Amino acid sequence: MMKWFLILQVILVLKVEAKVSAVTQTTNFLPKIRIDFIYGVNKSNTTVELYEVAPEFIFSIAKTSVTRNKDKIPIGSPLSKVFPLDKDGSKTFVMVVRNDTEKAKYFTAVPHTVSPPEASLGVIFECLCNHHVYEIPPHMIWYRIVHIELPKDQRETLRNVKEITLTHQFIEVSAKDAATKYKTLIYNTDDGMRK
Amino acid sequence: MRFFIYKIFLLLMIPTAGFCTTYQLQWEFPKELDFDVRVFELSPVYERKLSTNGDIIDVNQLTPLREFKNGKVEISKGGAKILGLVFISRSKEEADFYVAPHSTEPGASTLDFKFTCLCYHHAYHMKKGFMWYRILKLSDITTADEPVKTVYLKHKVVLWNKPAKVH
């Protein structure tokens, strides 16, 4: 009798373990992220650079500012276009745009698209596409801290996905349009509200 | 008389010439989802029900003002329309689906409109034997002196094989 009980117990333990490992396999696997920008719209030659965030700014998501001083940007080492997520399935990084010209630059980003579309339910990307126009005064550097997250309970849809591509179209706005048509859409870096 | 003809001519021209922006709504479905899409203009009263979705048996339940054929929505400059988006399953079977964020072409027009649509991180359910609808709003924020254009807004719909655990 005792023997049968032991065998049953072993089978039960094995079954539970198999289940646990199946669950951890699906939730532990994290696809890589590719951040793409489509440039050249409106004949613009401005580009966006990606950097790791400085550790003390890891929770300052959506902090947006312009600075003249390179050392004041909360960035670490450069980040490649394709990168893996942190262990918790999220990543905070910084987008940087430089204006080396004598004139103010204005730009916006078209809401991002997700590829493959299946991955769209499982990705939360707090980025820069929020119907605003960003302003960079001459010889200044613009940056924004952004955050990407794959919520744990929604990773079921990402089972067969190895890489998620998030694409923004980068649109440079002319100074004339920024001063007239899109005047109310200019992002105020002081309080994050519209000017 | 000549003035009268001229007036009629002008009246006829109003809905088509230079005063409208065309928004072409495009849909891409996987082969498992055999859906028909219809887009209706609804009464502005429906603004109170913006972003709600539900199930209907007949499109007339939404009391549409008119239908935008082939997803071609024309909005006068600076105007807004409340849209009733209806998905009709040809197979009449139930299905779960979600929608990936839409692409915008041309991208440079992104600041010229606002679209409260359905690609907001939600999954939806098509009930067996019903049509599924959602109330959307599309606002044009261009002024009359800007050139006329067509904006293509494309959504990719995804079939969701819902895991048994999720409620």
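All told, B:V86 falls short of being farther than 19 Å from B:I56 by Cβ and of a type in the set (V, I, T). Residues in segment A:104-129 that are polar (S, T, N, Q), in contact (Cβ under 8 Å) with a residue 24 or more places away in the chain and out of contact with any Ser or Thr (no Cβ under 6 Å at 6 or more places or on another chain): A:T108 alone. A Cβ distance below 8 Å, combined with a sequence gap of six or more or placement on separate chains, defines the contacts here; from segment B:126-143, residues that are within 14 Å of another protein chain (Cβ to nearest Cβ) and among the polar types (S, T, N, Q) reach residues that are part of a loop (DSSP other than H, G, I, E, B) and open to solvent by 10 Å² or more (accessible area, probe 1.4 Å) in the pairs B:S139/B:G79; B:T142/B:K77; B:T142/B:G78; B:T143/A:K181; B:T143/B:K77; B:T143/B:G78.
Each residue in segment B:144-161 was checked for being within 11 Å of chain A (Cβ to nearest Cβ), surrounded by fewer than 16 Cβ atoms within 10 Å (Cβ to Cβ) and either in a loop (DSSP other than H, G, I, E, B) or of a type in the set (S, T, N, Q) (or both), and 3 of them qualify.
Could you please let me know if B:H102 is within 13 Å of another protein chain (Cβ to nearest Cβ), within 25 Å of B:E32 (Cα to Cα) and in a loop (DSSP other than H, G, I, E, B)? Break it down into steps so the answer makes sense when it comes.
On the way: within 13 Å of another protein chain (Cβ to nearest Cβ): yes; within 25 Å of B:E32 (Cα to Cα): yes; in a loop (DSSP other than H, G, I, E, B): no.
Here the answer is no, as B:H102 does not meet what is asked.
Just checking: which of the strands (runs of 3 or more DSSP E) contained wholly in segment A:72-182 hold 1 or more residues that are within 12 Å of chain B (Cβ to nearest Cβ) and touching a His at 6+ places or on another chain (Cβ under 9 Å)?
Numbers: elements: A:75-78, A:90-98, A:105-109, A:113-115, A:124-126, A:134-136, A:141-149, A:163-173.
Answer list for segment A:72-182: A:105-109, A:113-115, A:124-126, A:163-173.
With respect to A:R155, determine if the residue is more than 28 Å from A:R68 (Cα to Cα), surrounded by 17 or more Cβ atoms within 10 Å (Cβ to Cβ), in contact (Cβ under 8 Å) with a residue 40 or more places away in the chain and not hydrophobic (A, V, I, L, M, F, W, C).
Numbers: more than 28 Å from A:R68 (Cα to Cα): yes; surrounded by 17 or more Cβ atoms within 10 Å (Cβ to Cβ): yes; in contact (Cβ under 8 Å) with a residue 40 or more places away in the chain: yes; not hydrophobic (A, V, I, L, M, F, W, C): yes.
Yes: the conditions hold for A:R155.
The values are calculated or read from the model by the stated rules, or taken from the named source; none is laboratory data. Predicted model only: the values in this text are computed from it and were never measured. We place every Cβ from the backbone using ideal geometry, glycine too, and count neighbours over all the protein chains shown. Areas reflect the complete protein model, heavy atoms only, side chains present, ligands, DNA and RNA absent. Shrake-Rupley method; radii C 1.70, N 1.55, O 1.52, S 1.80 Å.
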